[in-house]
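> First the structure, which I've put down as structure tokens, then a few questions once you've had a look.
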Amino acid sequence: MQNIRSFFFTLSAVALVAVLAFLTFSATLAFAGVLAAVMIARAVSMKLKPVPVRARHGRQPNRVWNDGRGTIIDM
């Protein structure tokens, strides 16, 4: 009777570890899938919405002067 009980406990422990491993793997796979979907959606939306570029009309030369306390570069 003792051998049957220990065999049952061993078998149930192995089954519990297998179920927990499967749940962990499933949760990891689901998290990776959601993360991949978010990253793909973000990459696609970045390409669809271009970033505005500031352009200056009539570029002026940089001014550089020294006021006695340090050099000032006006861009």
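> If you go through the stretch 63-74 one residue at a time, do you hit one that is in a helix (DSSP H, G or I) and open to solvent by 80 Å² or more (accessible area, probe 1.4 Å)? Let's see the steps before the verdict.
Of all residues in the stretch 63-74, those in a helix (DSSP H, G or I) come to none.
Scanning the stretch 63-74 turns up no residue that is in a helix (DSSP H, G or I) and open to solvent by 80 Å² or more (accessible area, probe 1.4 Å).
> If you don't mind, another one. Here is a check on your reading of the model: is Arg5 loosely packed, with under 10 Cβ neighbours inside 10 Å and assigned to a helix (DSSP H, G or I)?
Answer is yes for this residue.
> Right, here's the next one. Tell me, please, whether a residue that is in a loop (DSSP other than H, G, I, E, B) and more than 30 Å from Ile73 (Cα to Cα) can be found in the stretch 33-55. Outline the logic, then answer.
At the first step, the residues of the stretch 33-55 found to be in a loop (DSSP other than H, G, I, E, B) are 49-55.
Next cut, more than 30 Å from Ile73 (Cα to Cα) only: 49-50.
Taking every residue of the stretch 33-55 in turn, at least one turns out to be in a loop (DSSP other than H, G, I, E, B) and more than 30 Å from Ile73 (Cα to Cα).
The values are calculated or read from the model by the stated rules, or taken from the named source; none is laboratory data. Note that the structure is predicted; figures quoted are calculated from it, not measured. Using ideal geometry, Cβ is built from the backbone for each residue, glycine included, and neighbour counts are taken over all protein chains shown. Ligands, DNA and RNA are excluded from the accessible area calculation, which covers all protein heavy atoms including side chains. Shrake-Rupley method; radii C 1.70, N 1.55, O 1.52, S 1.80 Å.
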